[in-house]
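Input: a single structure, listed below in structure tokens.
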Amino acid sequence: MAKVYKNYIDGKWVASAGGETFDNLNPANCKQVLGRFQKSSGEDVERAVTAAFAAQARWRKTPAPKRGEILYRVAELLVKNKESLARDMTREMGKVLKETRGDVQEGVDMAYYGAGEGRRLAGETVPSELPGKFCMSVRMPVGVVAAITPWNFPNAIPSWKLVPALIAGNTAVIKPASDTPLSLVNIVQLFEKAGLPPGVLNMVTGSGPSVGIPLAEHPRVNLVSFTGSTDTGAEISQRCAKGMKRYSLEMGGKNAIIVMDDANLDLAAEGAIWGAFGTTGQRCTACSRVIVAKKVLKKFTDLLLRRTQSLRCGDGLDPKTDVGPLINESQRQKVQRYCEIGRQEGARLLTGGAYHTARECKDGSFFQPTLFADVDPRMRIAQEEIFGPVLSIIACGGLEEAVEIVNDSKFGLSSAIYTQDVNRAFTAIESLDTGITYINSSTIGAEIQLPFGGTKGTGNGHREAGAAALEIFTEWKTVYVDYSGKLQKAQIED
Ligand code: NAP
């Protein structure tokens, strides 16, 4: 009998109001149920938001360095439990153990970084135009934050939201993706162990419509921090706009690597393989287009093909595995449909394009690493986010054309260029319309001390991580202190 996990509300682990549960499956072996989680509803959201609202008054007055001490303890607990957290994550999400360890490490980095922010949370002091007057701006908490998170980074993404939210003095209600609730339960347990007061962090599991929507619409939620697909983000933005609340959206990508004719081709191939097939292509920053100078197209395609065909698929817990399963069956069907579309559009399938049916993959949602050549930049496989192990090779005449191809996308998250020419590198940095650009490195590999996010359809202008995250999770308060002892009127001449 699978273990039953509960919601975390006001410092207690509680069953949902309806008492129903849903199963969490291992995508590498869909017959394995990892646990049963609460199928919550608006009633549970109401309880959680009420708890978060009540906890606000005390938490916002707790000195930020003291809030930081709790986050330091969270970081230390994450370090201590890294291996078991990573193993649980591989079981419920599928990516290989090396990557789930990295995912937990991102949470560690964020917790240490955020804890330190407790002694900064810097504002500004500027001179006043009047004598005997002092001017400053300080950061204030926003209030109750609702965090809605996807399944592909089950530790990192919740950390990106919870750590800055809490250090800034907000309280939070978080809803994990229904494919990865266990990883979030594991993290919340560590926050509890670290001494976070009841009500400051609450967790409610359940589906988007029954938990995510009531959260986005709740009048006492002041900010919705969402990461997920563009369609869901659009729906959340409409709900938030109706309630006049602030919201930040981190959404899809159609990321590209440019390979110039002067590139180190081995390095570029390694980067493209890691970007396309790491996390089985299920990263928002995954490389799904590689744009290659015609002069080196044949050589580079051969290199990619050889490396793609040498990748081993299997259970992410097996150290020999390079590529784990897709998150679930419906995602596998989606990837299969896109491969069909690619064929119909006239792209040339070089390898993959089908379910993985080897013995070690038969019970999981495995898909073969796939390469398409002769891809036209306007084909659907080159325009739409597939979120699977599918890489399209597109030929280009030179840098200008390559930049045009990269920018011809409704998304703008990550881009990369491989070149030895510093002029080309800086031209690319200036011209690529993406929130992140890598030089001689793949489209993936963000570090938490820098802003993360994208342009165009990838986001709504905000950035997570780094000091930039505080722009989402705090409100500016401007303070004027007049110590002149007389009425002074700014801008008014006597
Ligand atoms: P998703 O289907 O949009 O789900 C994301 C979260 O929203 C989940 O918790 C989901 O709950 C919830 N949700 C679903 N429908 C909802 C609704 N109508 N109202 C409120 N909440 C709702 O996305 P996903 O498939 O989990 O994640 C993959 C997507 O995330 C990709 O597009 C990827 O590019 C994007 N992503 C972006 C970033 C970034 O930083 N830019 C990072 C990682 C992933 P359920 O799980 O219960 O459905």
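A few points about this structure:
- Across Lys39/Lys95; Lys254/Lys298; Lys298/Lys362; Lys12/Lys245; Lys12/Lys320, pairs whose alpha-carbon gap is larger than 30 Å: Lys298/Lys362; Lys12/Lys320
- The gain in end-to-end length when the Glu46 to Asp408 segment is fully stretched comes to 126.0 nm, 0.36 nm per residue minus the alpha carbon separation.
- Under 5 Å, built H, 5+ apart or other chain: amide partners of Leu25: Leu34
- Helical runs assigned H by DSSP (4 residues or longer) give the chain a calculated mean residue ellipticity at 222 nm of -12000 deg cm²/dmol, each run adding -39500 (n - 2.57) before division by the residue total.
- Stokes-Einstein translational diffusion, the stretch 1-67 - Kirkwood Rh over all Cα pairs, 1.306 mPa s, 10 °C, in µm²/s: 113 µm²/s
- The shape of the stretch 263-393 comes out oblate: with a ≥ b ≥ c from the C-alpha gyration tensor, a/c is at least 1.5 while a/b does not beat b/c.
- When nucleic acids and ligands are ignored and a 1.4 Å probe is applied, Arg307 ends up with an accessible area of around 70 Å².
- Using 0.36 nm per residue and subtracting the Cα-Cα separation, the extra length available between Met244 and Ala468 on full extension is 78.4 nm.
- Only one residue of Ser415, Leu391, Gln331 has its Cα farthest out toward the positive end of the dipole of the stretch 316-468, where Lys and Arg carry +1 and Asp and Glu -1 on Cβ, and that residue is Gln331.
- Rounded accessible area of Thr125 (nearest 10 Å², 1.4 Å probe): 100 Å²
- P(r) tail for the stretch 70-226: Cα pairs beyond 19 Å make up 56% of the total.
- Ranking Lys175, Lys31 by solvent-accessible area of protein heavy atoms (1.4 Å probe, all protein chains present), from largest to smallest, gives Lys31, Lys175.
- Distance from the alpha carbon centroid of the stretch 302-374 to that of the stretch 1-79 works out to 34 angstrom.
- Calculated log₁₀ intensity ratio I(q)/I(0) where the Debye formula runs over C-alpha points of the chain, q = 0.06, 0.07 Å⁻¹: -0.29, -0.40
- Of all DSSP-defined beta bridges confined to the stretch 113-253, some 20% are antiparallel rather than parallel.
- Added length on full extension, which subtracts the Cα-Cα distance from 0.36 nm per residue, Asp318 to Ile439: 40.3 nm
- Carbon plus sulfur fraction of accessible area for the chain, probe 1.4 Å, in percent: 51 percent
- Counting only protein heavy atoms and using a 1.4 Å probe, the accessible area of Trp13 comes to about 70 Å².
The values are calculated or read from the model by the stated rules, or taken from the named source; none is laboratory data. Small disclaimer: the values here were computed from a predicted structure and weren't measured. Every residue, glycine among them, receives a Cβ derived from its backbone with ideal geometry; neighbour counts consider all protein chains shown. For accessibility, only protein heavy atoms count, side chains too; no ligands or nucleic acids. Shrake-Rupley method; radii C 1.70, N 1.55, O 1.52, S 1.80 Å.
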